[in-house]
Structure formats: structure tokens, C-alpha cells
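Computed from the coordinates by the stated procedures, all read-outs in this text should not be read as laboratory data. Quick caveat: nothing in here was measured; it's all calculated off a predicted structure. Here Cβ is always computed from backbone atoms with ideal geometry, including for glycine, and neighbour counts include all displayed protein chains.
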Amino acid sequence: MKKITLFTLLLLLITGPLMVSAQITAETPQDGLYPDQGTINVNPLPLPTVRKADVMWSKRIWREIDFRQKMNQKFYFPIHPHQNWKSFITVIMDALKQGKITAYDISSTDELLVPITYQEIINRQTDTIHRVMKRPYPPYDEYDTTIVTQFDPTKVMRLRIKEDWYFDKQRSQMLVRIEALCPVMMTEHDGQQVPTPLFWISYPQSRKVLARALSFNPENSAMRLSFDDIFIKRLFQSYIYKEQNQYDRRISQYASGVNALLESKRIQQEMFNYEQFLWQY
């Protein structure tokens with residue numbers, strides 16, 4: 001009888017924690033008012049059809065969005081994904097890994113010519129450095145060490161946009177069409193932060209992914225905007241760093257400092273004046 005009792009106690013001690021853990025893992029509490037997957041199953045609104053015969057004026061512009069600006073911080077945060085909330089670069093990298101978006105290599109003309117894979121992007125940002133270090137204590141002997149630097153999405157702090165501004169005479173208005181996006185990583189060289197573009201992606205091809213990825217709305221968490229809404233509604237601050245020109249040069253190649261900022265504003269004002277002066281007479 002004592003043996004049966006001891007055996008029963010041992011059996012309870014062994015199976016008891018397993019039963020408790022099974023009960024704990026079986027019921028996952030709902031963290032929120034309703035189940036939220038962080039995405040919405042919608043398709044982006046189709047862009048208006050553009051006919052060549054209707055475009056009476058056009059200009060290609062390159063912009064840069066700095067995530068450090070207050071209005072653009074929605075692109076950068078959160079640093080660590082949580083509660084189905086991801087930063088812009090995390091959304092893009094996850095889509096590249098899953099094959100939903102195609103990335104293109106950086107070229108001097110910013111054209112989408114050579115596709116590259118997700119692993120190639122990661123390998124380019126993975127750096128292995130072999131150094132000879134000296135121990136700080138006696139006998140101060142030297143030893144070899146390997147420093148591995150991996151891809152850090154928190155260092156992606158800018159986004160370049162290639163877009164076409166055009167006047168549609170059929171609609172009698174100035175319109176803009178975003179063509180491509182390029183995340184820019186800030187890397188350190190000789191103690192200075194240097195912008196390093198990673199890859200280009202086609203904005204029209206990535207709209208389905210961006211339309212289903214929700215961004216943070218500081219005013220109302222129940223009405224969150226998608227990243228596609230942010231681009232379509234122009235809910236970001238940016239500056240022009242290049243316009244289409246016969247020399248194919250950037251503003252930084254012929255102006256610097258305050259002069260570069262004034263040149264950027266001049267280009268923006270020039271496009272605004274074209275539309276206004278068109279109806280002057």
C-alpha cells in the first residue's frame with residue numbers, strides 16, 4: 001500500500017507541472033480591445049491612368065526624408081517590433097525576405113536594372129574585421145580577434161524618393177507620381193556619419209505591401225494609417241537633393257550649406273510658380 005501511495009505521489013509531481021503548463025499555453029490572453037494583427041487585408045487604391053498625350057510638362061525630382069525630423073519619426077520607430085507594430089525598414093526587409101518585393105542594386109543613374117536578393121543585401125552590410133589586440137594586463141601579449149558587424153536596421157535613418165511631377169492637361173492640375181524608394185543607412189567612416197544607400201525598390205510594385213502595413217497614429221490608435229497612405233497623402237517632410245538636369249548632377253555638387261538649402265527651395269518654388277502662372281492670363 002505504501003508503495004502505491006509513493007508511486008502516486010511521484011506521478012503527480014512529474015505530471016502536475018506539465019498539466020499546469022499545458023493550461024497556461026492553451027489560453028493566450030488578448031492584449032487589446034480586439035484581436036489586432038497589425039495589418040489590414042486591403043488592396044491599394046489604383047493610381048490614375050496617365051496618357052503621354054495628356055502630359056504637357058514634367059520634371060523628375062529626387063527627395064530625401066530624414067527620419068530624425070519630428071514629422072518623419074513614424075518611419076523610424078519602433079526600434080524593436082512589438083504589438084504588431086513595425087518600423088518602415090522592418091516592413092521592407094520582411095517583404096524582401098518573403099519575396100513580396102524585388103530590390104534593385106544601386107546604380108549611378110538610379111535606374112531599376114539589376115535585381116538583388118535579400119541575402120545579398122545582408123551580406124553587403126555584414127563586415128568581418130581581423131585585428132591584433134594587446135592584453136591590458138601582464139605579460140601584455142598580443143592575440144588575434146575577429147569583429148563581426150551585422151546589418152543593423154536602426155542605422156537606416158533616411159529614405160530617398162524618386163518621383164515625377166507632371167501637369168495633366170486632361171485634369172488641368174499638377175500631379176506627382178512616386179516611382180522608387182531607397183533606404184539610406186548612416187555608416188561611420190573616419191569619425192563621421194556617411195549616408196550609404198542600400199537598394200532601390202519600385203514604389204508601384206511595393207504598394208500592396210505598404211498598404212497593409214500600419215503606421216502609428218499619435219492622435220487616434222483606432223484609425224491608423226498605412227505607409228501607402230502616408231506617401232499618397234504626402235504626410236512627410238523632405239528636401240530636394242536633385243532635379244533632372246543636363247549635367248546629371250546633384251545639388252551638393254555645385255552648392256553646399258545654406259546655398260544647397262536655398263537651391264532646394266528654389267526648385268520647389270519654381271514648380272509651384274509654373275502651375276500658378278499657367279492660369280495668369
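Which FRET efficiency value, to the nearest 0.05, is calculated for Tyr239 and Gln73 with the Förster distance at 25 angstrom and r the Cβ-Cβ distance? Rounded to the nearest 0.05, the efficiency is 0.95.
Each of Met56 and Asn259 was given a label point 7 Å from its Cα along the Cα-to-Cβ line. The distance between the two points is 3.7 nm.
Give the distance, in whole Å, between the Cα centre of segment 201-229 and the Cα centre of segment 49-90. Going from one Cα centre to the other spans 10 Å. Highest mean first, the peptides 266-273, 175-182 sorted by other C-beta atoms within 10 Å per residue fall in the order 175-182, 266-273. Run through all the Cα pairs of segment 88-129 and give the fraction in each 5 Å bin from 0, expressed as whole percent. Answer for segment 88-129: a P(r) of 5, 22, 24, 26, 16, 6, 1 percent. Each peptide in 225-235, 70-80 was scored by the mean count of other Cβ atoms within 10 Å over its residues; highest first, the order is 225-235, 70-80.
Per residue, the average separation of C-alpha pairs within less than 8 Å and at least 6 apart gives segment 55-209 a relative contact order of 27 percent. Only aspartates and glutamates eight or more places from Lys169 in sequence, or on another chain, were considered; those with a Cα closer than 16 Å are Asp54, Glu275.
Ordering 191-202, 155-166, 245-256 by mean Cβ neighbour count within 10 Å, with the highest value first, yields 155-166, 191-202, 245-256. Three principal axis extents of segment 134-261 based on alpha-carbon atoms, in descending order, are 81, 46, 28 Å. Return the lysines within reach of Lys155: Cα separation strictly under 27 angstrom, same-chain partners fewer than 8 residues apart disregarded; answer none if there are no such residues. Hits, sequence-local ones excluded: Lys70, Lys74, Lys86, Lys97, Lys100, Lys208, Lys233, Lys242.
Eigenvalues of the alpha-carbon gyration tensor of segment 199-281, scaled by 5 and square-rooted, set the equivalent ellipsoid semi-axes at 31, 18, 15 angstrom, largest first.
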